[in-house]
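Structure first, then comments.
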Amino acid sequence: MGSVRMSGKCLKKVHVMIKLWNATGSTDCTKTSSNSATGNKQAPYQCVMKLKEQGRKGFFLYDSIDSDELGDSDQREAMEENEEEEELRPTALYTVGGSDEFTFVSPDGLSGQYTGPDHDGVVLQTENPAPTNCLAYYFEVHIMNAGEKGEIAIGFSKEHIYSEGYTVRSCAYIGNSGLICSQNGDGDRTVAKASDTYTTGDLVGCGIDSVSQEFFFTKNGTIVGTIPRQFRRPVYPTIVLHSQNEAVTVNFGGQIAFSFDFEHFEESLRVKKEREIEKISMSRSISHGLVKTYLLRYGYEDSFRAFNLAASRHTVIAQENSFDEYELHQRKKLRELIMTAEIDDAIAALKDRYPQLIEGGSEAYFLLICQKIVELVRKGAIAEAKSFGNQDFKDFRDSSLLKNLFDDCSALFECETIEESGAAYLLGETQKNIVAAAVSEAILSTNPATRDQQSASLERVLRQFEATCSLYARE
């Protein structure tokens, strides 16, 4: 069965929790008995927890989490809900086009001025693009001097442009005309008229509404115009100064408050988005089937049993093909070994039960090898990690992705500090989850019954999701 390639962030979110908006069923979080042969001091939770937010329907699913690890469920929900990979945000302007000779940018990168002739001009752009992991983004510009003609253009664009609003993949609100101009990647131009122009002393804002897929513009705290977002690539806050003596100061948020109530605007978008989500209808059989498929494929045996029991009390779930239950208990055991950093035992178990994965040089085996290096570094056994890392892995060198991963592992013990290596991400729980998921997929691939089977329902949904994302990314 083919695998689905997902971004690290997407995979991380899938592994942390599953939200099932239209599911119903048992809402109890039941604690199992600790009188097992394993002698665990803490009884594991097999949780099917109801969402506590504003009556939404759904489940959080955890697999055998110890009670002391679970802690306060509300706190855990909040932590996992907000767990995102942090993006670098715009903080300063620099010159990317035009005449440097007549341009002044302050040392902090928050102010710019153009003193040259009108036929030239200068483009100021931020060092980082606008973030993409939020519902909206906004920055504000104080017009210190509108110059001789007031032709300042403020907006967003691709990296390194010359004329904003008149260049592909750019959008700008122009001061003296009040026009909002935008061009997509094909050069198709759209022009809208703002409700007002702007000049010296005005506070002009520019933002991205990711819910409506629009750029919006403000003047002195009031929205004066919007225009559809026609290009999807990362965009940079950009200011073009066209005429002599034009000068601006930019506010990216933080210590200085915006004149526009951005927090209220962002909250209104959140409410709008939630209402759109609430309108989406999905039958219980489909939603339950998706959750079951995910739990089975990735070896979450305890959560699968608990979910199946809870769901069966309220609805009859259609029987699906049983091929995803193949070696479920073994896959669960391997997952536990990986998550508890017992990599040698995991490799031994894989060799004993699935030798074809070792002999064939599977990607899952390679990931286990890399994870062993990571765990050795974590324990401070640098010499042993180096020795193990110097083994011959030529079977994997054809894959640039795997080679990059191995190089990152090697960097952990070759650099003086982990931070310097740029591979600190390998020490996180997310990487363990990725390795465990890959091993589970590899084991499923050894099942003869899957060779001619259609892809699982979850996999089909994820593929469609990836295809949709690709369409949005096109110019």
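Determine which single condition G150 fails, assuming it passes every other condition in (1) within 16 Å of S243 (Cβ to Cβ); (2) surrounded by 22 or more Cβ atoms within 10 Å (Cβ to Cβ).
(2)
Could you go through segment 138-152 and let me know if any residue there is among the hydrophobic types (A, V, I, L, M, F, W, C), within 22 Å of the chain's Cα centre (by Cα) and outside any strand (DSSP E or B).
So far as segment 138-152 goes, no, none of its residues is among the hydrophobic types (A, V, I, L, M, F, W, C), within 22 Å of the chain's Cα centre (by Cα) and outside any strand (DSSP E or B).
Among what's in segment 177-189 and is within 17 Å of I161 (Cβ to Cβ) and modelled with pLDDT of 90 or more, pick the residue that is surrounded by the fewest Cβ atoms within 10 Å (Cβ to Cβ).
Per the criteria, the residue is C181.
Quick one: which of F215, F231 is part of a loop (DSSP other than H, G, I, E, B) and either among the basic types (K, R) or closer than 20 Å to E87 by Cβ (or both)?
One residue alone meets the criteria, F231.
Pick from segment 100-124 the residues that are out of contact with any Phe, Trp or Tyr (no Cβ under 8 Å at 6 or more places or on another chain) and modelled with pLDDT under 90: which of them is surrounded by the fewest Cβ atoms within 10 Å (Cβ to Cβ)?
H119
Among the listed residues T199, T190, which satisfies the condition of being in contact (Cβ under 8 Å) with a residue 12 or more places away in the chain, at negative phi, out of contact with any Phe, Trp or Tyr (no Cβ under 8 Å at 6 or more places or on another chain) and not in a strand (DSSP E or B)? Quick ask: steps written out before the conclusion?
Numbers: T190 fails: not in a strand (DSSP E or B).
Of T199, T190, the one residue that is in contact (Cβ under 8 Å) with a residue 12 or more places away in the chain, at negative phi, out of contact with any Phe, Trp or Tyr (no Cβ under 8 Å at 6 or more places or on another chain) and not in a strand (DSSP E or B) is T199.
Return the residues of segment 240-279 that are surrounded by 21 or more Cβ atoms within 10 Å (Cβ to Cβ), over 28 Å from the mean Cα position of the chain (by Cα) and in a strand (DSSP E or B); say none if nothing qualifies.
Within segment 240-279, V240, L241, E246, V248 meet the criteria.
Please list, ordered by first then second residue, the pairs with beta carbon atoms under 9 Å, 6 or more apart or interchain, first in segment 251-263 and within 16 Å of S111 (Cα to Cα), second at pLDDT below 95 and basic (K, R).
As it stands, the answer is F252/R89; G253/R89, since those pairs meet every condition given.
Is it the case that F216 is in the same structural domain as G150 (by TED's automatic domain parsing), surrounded by 15 or more Cβ atoms within 10 Å (Cβ to Cβ) and not charged (D, E, K, R)?
yes
Is it the case, given these coordinates, that A364 is free of Cβ contacts under 8 Å to residues at least 40 places away in the same chain, out of contact with any Cys (no Cβ under 9 Å at 6 or more places or on another chain) and surrounded by 14 or more Cβ atoms within 10 Å (Cβ to Cβ)? Please lay out each step first, then the result.
Working: free of Cβ contacts under 8 Å to residues at least 40 places away in the same chain: no; out of contact with any Cys (no Cβ under 9 Å at 6 or more places or on another chain): yes; surrounded by 14 or more Cβ atoms within 10 Å (Cβ to Cβ): yes.
Here the answer is no, as A364 does not meet what is asked.
The values are calculated or read from the model by the stated rules, or taken from the named source; none is laboratory data. Remember, it's a predicted structure, so these values are computed and weren't measured experimentally. Ideal geometry is used to build each Cβ from the backbone, glycine not excepted, and the neighbour counts take in all protein chains shown.
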